[in-house]
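Enquirer: The structure is given below, and queries will be raised subsequently.
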């Protein structure tokens, strides 16, 4: 997987490069939004890791340009900010994943991998913002790979219910719920319940 990094702080950029180089092919770096846009146009990476607070062109605007001009490039936002407005702005711009810089590096590596494979990832510390943003979005049953029961399970997950609560609500055994969740994770290429719920909500499945 080919990755570019757009981050204005040299030490943070070096840290991201070190973390990501073990798992991916880091094909370029840029220190501001405009240079980042030029880099992405030139390299057409699978994933662009972008900071929000960039000079010249901020990360939100850069994400919008990437989604419009280079739709095959996925975007992972990595930032210090966990402010709701910033999270929702990144999401509206088309970001596939959102990580805090305070996250451990493995989480950022996972986010890049998941985004590159077409999934969605949001740091568990801010996932509730994403889930509440998409609550009530009409389901798109035609294109959903989920069965009606799996959709029901995911709606309950998005509502903050644990496995025992889901089992009670659906009048099924705990093992049945775990089986549904296992199938859901596989169908959505999700690493965990939160990511599955975010992916389903973003795609309009629930």
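The values are calculated or read from the model by the stated rules, or taken from the named source; none is laboratory data. From a predicted model like this one, the values you see are computed outputs, not experimental measurements. Neighbour counts are summed over all protein chains in view; Cβ atoms, including those assigned to glycine, are modelled from backbone coordinates with ideal geometry.
Enquirer: For region 35-56, which residues satisfy the criterion of being in a helix (DSSP H, G or I) and buried (at least 16 other Cβ atoms within 10 Å of the Cβ)?
Expert: 35, 36, 37, 39, 40, 43, listed by residue number.
Enquirer: Here's another thing I want to ask about it. Of everything in region 138-180, what is surrounded by 15 or more Cβ atoms within 10 Å (Cβ to Cβ) and either modelled with pLDDT under 70 or within 19 Å of the chain's Cα centre (by Cα) (or both)? Give them in sequence order.
Expert: 139, 144, 154, 155, 157, 158
Enquirer: To continue, here is another question. Across region 90-126, what is the total count of residues that are outside any loop (DSSP other than H, G, I, E, B) and in contact with a strand residue (DSSP E or B) (Cβ under 9 Å, 6 or more places away or on another chain)?
Expert: 18
Enquirer: Considering only region 188-206, state which residues are buried (at least 17 other Cβ atoms within 10 Å of the Cβ) and free of Cβ contacts under 8 Å to residues at least 60 places away in the same chain. Talk me through it step by step, then tell me what you get.
Expert: Of all residues in region 188-206, those buried (at least 17 other Cβ atoms within 10 Å of the Cβ) come to 188, 190, 193-203, 205-206.
Within region 188-206, 193, 196, 200 qualify.
Enquirer: Does residue 60 qualify as being within 17 Å of residue 2 (Cβ to Cβ), in a helix (DSSP H, G or I), assigned by TED's automatic domain parsing to the domain that holds residue 10 and touching a helix residue (DSSP H, G or I) at 6+ places or on another chain (Cβ under 8 Å)?
Expert: no
Enquirer: Just name the residue that is modelled with the lowest pLDDT out of those in region 92-109 that are more than 9 Å from the chain's Cα centre (by Cα) and farther than 16 Å from residue 18 by Cβ. Show your work before the answer.
Expert: Quick first cut of region 92-109, residues more than 9 Å from the chain's Cα centre (by Cα) only: 92-94, 100-109.
Restricting the remaining residues to those that are farther than 16 Å from residue 18 by Cβ gives 92-94, 100, 102.
Numbers: 92: 78, 93: 85, 94: 83, 100: 88, 102: 85.
Ranking the candidates gives 92 first.
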